Each structure stands twice: as C-alpha cells, then as structure tokens.
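What follows is one structure encoded as structure tokens, with my remarks underneath.
Nothing in this text is a laboratory measurement; each read-out follows from the coordinates by a stated rule. All figures in this text were calculated on a predicted structure; none of them were measured in a lab. All Cβ positions, even for glycine, are placed from backbone atoms using ideal geometry, and neighbour counts span all protein chains on display.
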Amino acid sequence: MVEGYQVRREDRAFAAAWFVSNMMSVHTKHPVQAKELARPFLHEKTSGEIRRDRDEFMESFMKQREEAGFDGDCDEYFGQDWSE
C-alpha cells in the first residue's frame with residue numbers, strides 16, 4: 001500500500017509540475033522543464049531498490065517466457081535455424 005501511495009503521489013507531483021512548467025515557459029526565455037520542477041517530490045531509488053526491481057522484472061519475464069513455451073531457443077519462434 002505504501003508503494004502504491006508513493007507512485008500516486010509522484011504521478012500527481014509530475015502532473016502538477018507539467019502544468020506549471022507550461023504556464024512558466026510562456027513568460028521565460030528558455031523553457032522550464034517539468035522534471036526539474038518535480039525533482040524535489042520524486043523518490044530517488046537506492047542501488048538496492050534498483051537491483052531488487054531489476055531482479056523482480058527478470059524473474060517475471062522468465063516466468064512469462066516459460067508459460068509461453070520459449071526455453072531460450074530462438075528456432076522455436078522463428079521456425080528456422082539461425083545458427084548457420
């Protein structure tokens with residue numbers, strides 16, 4: 001629940017920053033980037049969080065490949081031998 005709250009909070013902050021950057025950009029010489037306005041409100045991921053997210057993604061990806069019947073051999077997908 002906490003992670004979902006964090007995602008919703010960051011989405012709202014970025015949406016507000018996008019609207020504010022559009023309003024500010026018409027009055028400035030250089031465009032104001034929404035990501036610069038939203039940066040203080042975004043959660044910076046630690047290296048451990050990045051590693052955990054990557055591992056979870058790869059585990060999910062490999063599980064989906066197994067369920068689809070792909071075991072890592074491209075020949076099943078393409079129907080021909082690409083090793084030559």
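Converting phi to 3J(HN,Hα) with the Karplus coefficients 6.51, -1.76 and 1.60 and the offset θ = phi - 60°, segment 27-36 yields 10, 10, 6, 10, x, 8, 7, 4, 5, 6 Hz in sequence order, with x at every glycine or proline. Normalising the average separation of contacting C-alpha pairs (under 8 angstrom, six or more residues apart) by the number of residues puts the relative contact order of segment 1-65 at 27 percent. The modelled label-to-label distance between Ser60 and His43, using points 7 Å beyond Cα along the C-beta direction, is 1.5 nm. Among 13-21, 29-37, 43-51, sorting by the average number of other beta carbon atoms lying within 10 angstrom of each residue, highest first, gives 13-21, 29-37, 43-51.
Derived scalar couplings between HN and Hα for segment 47-60 equal 4, x, 5, 4, 5, 4, 4, 5, 5, 5, 5, 5, 4, 5 Hz in order, rounded to whole Hz, by the Karplus curve 6.51 cos²θ - 1.76 cosθ + 1.60 (θ = phi - 60°), x for Gly and Pro.
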